[in-house]
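Asker: I am attaching a structure below and will ask some questions about it afterwards.
The values are calculated or read from the model by the stated rules, or taken from the named source; none is laboratory data. Given the structure is predicted, the values throughout are model-derived calculations rather than measurements. Cβ sites come from the backbone with ideal geometry, for glycine too, and all protein chains shown count toward neighbours. Ligands, DNA and RNA are excluded from the accessible area calculation, which covers all protein heavy atoms including side chains. Shrake-Rupley method; radii C 1.70, N 1.55, O 1.52, S 1.80 Å.
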Amino acid sequence: IKYIKHDKNHGKGAGIKTGLLNAKGKYFTIQDADLEYDPTAIPKLVKKAVDNDLAVVYGSRFLGNIKNMPLANFYANRFYNFLLRRFYNTKITDMHTCYKMVNTKLLKDLKIEANGFNYAPELVSKLLLREIEIVEVPINFNGRTKAEGKKIGIKDGFECVNLLFKYKAESSKGLIGSLYKERVVASRYALIGSVGFIANYTALMLLTKYGLNRVIAEVLAVAFALQVTFIFHDKWTYKHKTLSYKRSLFSRYRTYLVSNSLGAIITVIFFALFSIVFNHLISLALASLVGLFWNYVLNKFVVWKHITESADKN
């Protein structure tokens, strides 16, 4: 018997992968040992798969009869499957079902990485992204409580949502995919944007406090914030790109000042336009989002765009 060595119990996914190492039949089916699921339902999945030459058949609790499932679990499952249907344009009703019958060769080829309960969202995401048809059949379910040993919790729920979005975003060639692939950069950009806002506001308050004209004070405050954000972006947000030998520090700095100054002007223009329809606070928030998006795009595709091959390797 082949098995995967683990220093501890890594969870359901690890157990499934160990079983898969030893699987020799055409189909691989999962069965939980606690018997929340009735094994007599498995022949229904086999018949459906064989009669229709299907690669994947799921047993859906929500198409059958459910007993003793806590309301929190019920609605959580409903929510996860709602997200799945929206993200992947599918009709699946129960991706977390235990009963997943998958062609053994296909399942091995998917190379599932998850060791825990996140096995379910990873599997369904990879199947749907390959455009594999998943057919569901109704099954019965008689649930356990936490006191009886039920282990899945809220942490697994967050992980499920994250994985559904992750695999969809990574397969996307659009803006969402780009933002997800650069999520670290996008997060740092947003954080430094907040630092810049604080620097701008603080400088403006100090300058106006000591009697400087407000317009001049705002110009100086914006200029100060630009210096602060450039330093943080160059040394942290886009550090992996500052190794470029094609753009000098001065060249990056000059381009940054021009592009982000234009961003400030665009923000003011949109603030004036939004103010025609919305109140001051909403207009400011919307205009700031426009300015942030402008600066993000310019930073990514202009200021820190060029990287030499040798810089990438470093």
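Asker: Calculate log10 I(q)/I(0) of the stretch 1-102 for q = 0.10, 0.17, 0.25 Å⁻¹, where I(q) comes from the Debye formula with a single equal point scatterer on each Cα and nothing for solvent.
Answerer: These q points yield log10 I(q)/I(0) values of -0.34, -0.97, -1.38.
Asker: Pop the C-beta distance of Ser288 and Phe250 into the FRET formula with R0 = 41 Å and round what comes out to the nearest 0.05. All intermediate terms of the calculation are to be shown ahead of the outcome.
Answerer: Numbers: r = 29 Å, r/R0 = 0.70.
Plugging the Cβ-Cβ distance into 1/(1 + (r/R0)^6) gives 0.90.
Asker: Pick from Gly13, Gly59, Gly25: which residue has the top mean-square fluctuation in a GNM of the chain where Cα pairs under 10 Å get a spring?
Answerer: Evaluated over the chain, the most mobile residue of the options is Gly25.
Asker: Using the heavy atoms of the protein chains alone and a 1.4 angstrom probe, what is the accessible area of the stretch 19-148 per residue in square angstrom?
Answerer: Working: 6780 Å² over 130 residues.
Value returned for the stretch 19-148: 52 Å² of accessible area per residue.
Asker: Once whole DSSP H runs in the chain are found, which of them have Cα atoms spread over 30 Å or more along the helix axis and a mean Kyte-Doolittle score of at least 0.5? Before the final figure, lay out each step's value.
Answerer: Numbers: long enough: 183-209 (39 Å, 0.96); 249-274 (36 Å, 1.25).
Result, helices passing both filters: 183-209, 249-274.
Asker: Positive end of the dipole of the chain, charges at C-beta (+1 Lys, Arg; -1 Asp, Glu), about the Cα centre: which of Met95, Phe293, Leu106 has its Cα farthest in that direction?
Answerer: Leu106
Asker: Now for a different question. Taking the Cα centre of the chain as origin, sum charge times position over the Cβ atoms of Lys and Arg (+1) and Asp and Glu (-1), and report the length of that vector in debye to the nearest 20.
Answerer: Values: 45 positive and 23 negative charges, 117 e Å.
I would put it at about 560 debye.
Asker: If the label point is 7 Å along Cα→Cβ of Asp34, which residues in the stretch 115-139 have backbone nitrogen under 17 Å from it?
Answerer: Backbone N within reach: 116-120.
Asker: For the stretch 200-281, run through the trypsin sites (Lys or Arg not before Pro) and keep only the ones in DSSP coil with at most 15 other Cβ atoms within 10 Å of their Cβ.
Answerer: Details: sites: Lys209, Arg214, Lys235, Lys239, Lys241, Lys246, Arg247, Arg252, Arg254; in loops: Lys246, Arg247.
For trypsin sites (Lys or Arg not before Pro) across the stretch 200-281 that sit outside H, G, I, E and B with at most 15 neighbouring Cβ atoms in 10 Å, the list reads Lys246.
Asker: Another question about this same structure. Give the Kirkwood hydrodynamic radius (Å, one decimal) of the chain, defined as one over the mean of 1/r across all pairs of different Cα atoms.
Answerer: Working: mean 1/r = 0.0421 Å⁻¹.
Here the Kirkwood hydrodynamic radius works out to 23.8 Å.
Asker: Continuing with this model, one more query. Pick from Val277, Val124, Val303: which is most flexible by mean-square fluctuation in a GNM of the chain where alpha carbon atoms under 10 Å apart are linked?
Answerer: Val277
Asker: Of all the accessible heavy-atom surface of the stretch 28-175, with the other protein chains kept in place and a 1.4 Å probe, what percent is carbon and sulfur?
Answerer: 56 percent
Asker: Then there is this: Amide H of Gly143 versus every other amide H placed in the peptide plane: which residues, excluding those fewer than 5 positions away on the same chain, fall under 5 Å?
Answerer: The answer is Lys67, Asn68, Met69.
Asker: Describe numerically, in nm with one decimal, the distance between label points set 7 Å from Cα along Cα→Cβ at Ile216 and at Phe165.
Answerer: 4.7 nm
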